[in-house]
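Beneath this line is the structure, given in C-alpha cells, with notes to follow.
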Amino acid sequence: MSIEADPPAGAATPAADGTETPAATGAPLVVAEHLTRVFGRGSTAVRAVDDVSFELRRGEITTVVGESGSGKSTLARMLLKLLPVSSGRLVFDGADVTGRTDTTAYWRQVQAVFQDPFSAFNQFFTVRRLLARSRRLLGAELTEQRMLDALEQVGLPAGDVLGRYPHQLSGGQRQRVMIARALLMRPSLLIADEATSMLDASLRATILNVLTDLRDRAGLTILFITHDIGQACYVSDQVLVLSQGRLVEAGPAERVIFDPRHDYTRKLLADVPRLHDAG
Ligand SMILES: Nc1ncnc2c1ncn2[C@@H]1O[C@H](COP(=O)(O)OP(=O)(O)OP(=O)(O)O)[C@@H](O)[C@H]1O
C-alpha cells in the first residue's frame, strides 16, 4: 500500500547550542516512528497499527481519520501509554518515551477525552466533585481558580455548572466538562478520541470550536480522532488517513481534503457529499 505524504512543514530548526529545549527549537511535540501494534499471534494476528510514522507539531490540530477498525483507537491508546507498542519508537517533547512506565508524570502532559461523556461521570457527583478528583494527581496545585480557569477555557460559566449533576447538563456541556477536566492538568497534548461522535450536529460544532479555540488561544497541541473526514475539514492543520492499520495518506488538511491522492481518502470524501457541494 503506498503512502501519500507531504514533506513536514515547519520542520525543526537545529538548536544553536545544547541548552535549548525541544520547544524552543520548534521541534515537534510528538514523533512516532514505525509504530506498530499487533494483537494475537500466528495466523490470527491482527496488525491493528502497522508501521505508522508521523509528527505532531506544537500548537496544531492533527486529525486521524479512518473507518471503524482502521486502528485509530489503538494508535491513541499507544500515545496515551495505555497500551505498549509492539515495535517502533515514540518520542515526546524530545525524549524517547517508548518504554516509559511512569505514567503518572506522563499523564500530566498527555490528556484525553473519549466518545461517551456520560459514562465517564459518576452520576452522584457534581461537576465540582468530579473536577476535584484531579487532586489525586495535582495535590495542592488544584486550586479553585484552576477549576474556574479550566471551565472558562471551554466556555462554561463556572457559577452555573459547578453545582450541577451530570443529568442536569446537555451532552455538549458534559463533553466540555470532560475537556475542562483534562485541561486541569495543563497538558501539552490533548487527545480527543471520537469526542464528538455521540453529539448531534450543533453540539458537535460547539466542541469543534472549543478545540480550535484551545489551539488558537492556548497553543494546545491536539490529536483529534474521527471516522468522519468532514469534521477534519473544520478543525485540522494536518490530516492522517488510516486504513487497515496503515497510514495511507498524510498532509496539510486543505491538500488532503481538496486534492486527495489516495483512493481510500477519495472514498471517505465521497461519503461526505456536502463537503464537495460546498467547495
Ligand atoms: N484488544 C484487542 N484484541 C484484539 N484485537 C483488537 C484489540 N483492540 C483492537 N483490536 C483490533 O484492531 C483493529 C483496530 O481496532 P481499533 O479499535 O483501533 O480501530 P478503530 O479505528 O478505533 O475502530 P472504531 O472506530 O470502531 O473504534 C481491529 O481489527 C480490532 O478488531
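Values in this text are rule-based calculations from the coordinates and carry no lab data. Source: prediction; values computed, not measured. So basically every Cβ, Gly included, is an ideal-geometry build from the backbone, and we count neighbours across all protein chains shown.
Between the helical axis of 201-218 and the longest alpha-carbon principal axis of the chain there is an angle of about 90 degrees. With distances taken between every two different alpha-carbon atoms, the chain has a Kirkwood hydrodynamic radius of 19.6 Å.
Each of Leu29, Phe125, Gly71 was scored by the projection of its Cα onto the charge dipole of the chain, and the greatest displacement toward the positive side belongs to Phe125; charges sit on the C-beta of Lys, Arg, Asp and Glu. Here the chain is treated with +1 on each Lys and Arg Cβ and -1 on each Asp and Glu Cβ, and its dipole about the Cα centre works out to around 1100 debye. For the chain, the longest principal axis of the Cα atoms and the long axis of helix 171-183 meet at an angle of about 90 degrees.
To the nearest ten degrees, helix 144-153 and the longest principal axis of the Cα atoms of the chain are 50 degrees apart.
Bridges between two residues of region 176-279, per DSSP, are antiparallel at a rate of about 55%. I'd like the FRET efficiency for Thr143 and Ala218, computed as 1/(1 + (r/R0)^6) with the beta carbon distance as r and R0 of 22 Å, rounded to 0.05. About 0.75, to the nearest 0.05.
Listed from fewest to most Cβ neighbours within 10 Å, the set Tyr234, Tyr264 follows the order Tyr234, Tyr264. Working note: Cα atoms of region 208-258, range along each principal axis, descending, whole Å: 34, 22, 16. Short-range pairs are left out: with C-alpha atoms under 8 Å and at least six residues apart, the relative contact order of the chain is 26 percent. Placing unit charges on the Cβ atoms only, positive for Lys and Arg and negative for Asp and Glu, gives region 138-279 a dipole magnitude near 160 debye about its Cα centre. Could you compute how fast region 139-279 diffuses translationally, taking Rh as the Kirkwood radius over C-alpha pairs and applying Stokes-Einstein at 10 °C with viscosity 1.306 mPa s? Give it in µm² per second. Reported coefficient: 96 µm²/s.
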